[in-house]
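Everything below concerns the one structure shown next.
Throughout, read-outs are computed from the coordinates displayed, never taken from laboratory work. This structure is a prediction, so every number in the text was calculated from the model and none was measured. Using ideal geometry, Cβ is built from the backbone for each residue, glycine included, and neighbour counts are taken over all protein chains shown.
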Amino acid sequence: MKFIKIKKLGSDIKHQAGKLADSGFKQIFVHIDQFKIKKGVDTMGLDKFINQCALMAAGSGAISGSGGMITLIAGMPLDFANLITQQFRVTMAIMYYNKGSYQIEFNEFMGLVATSLRVEAGVAISKTMMEGIAEKLLMVLGTRTAERMVPVVGAVIGGTANYLFIKRMGEMVKKMQDTPVVIPIAP
């Protein structure tokens, strides 16, 4: 029987978090069309938009857990990227809803993401803060990995876990940004 080396596991998580913090978050942020988020919130409303993002996250969670170990290995990176993307979309939607502007700067955005994940955020966005965000997200995903190894049951667990994660994050960010801006419409 092979034992997992805890020190190695910890250093692997730190290494992956560092890689994600270096360029991963910025890459995901840049590839999200903020105007489409504005349109989605304007047409569906904030709560339905959040629910749509949660369903999209649930879909990738269900797919990555549907076939047990085989789909877990192949689908986990895609599921993780989609989960981060949906969390970013929800956060952007709430920021747009509350501020009235859909153009959000990366540093301001990551500050809110850090706060929502309870990562210590200073005035300036630091590499340490970005690594803290990445570590939190990797730990959230890692805690659900074992349950996804059972075919079919893993799909239900993966989909449900992702759905609830996005819904909870949406509620947490909404509480942090609880004063919506009313934009007057000229007659």
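General observations
- Theoretical gain in end-to-end length, PHE106 to LYS175 [0.36 nm per residue, Cα-Cα removed]: 22.8 nm
- Entries in LYS26/LYS167; LYS99/LYS175; LYS99/LYS174 that, when Cα-Cα distance is taken, lie over 20 Å: LYS26/LYS167
- Protection proxy ranking, highest mean first, for peptides 164-173, 104-113: 164-173, 104-113, where packing is the per-residue count of other beta-carbon atoms within 10 Å, averaged.
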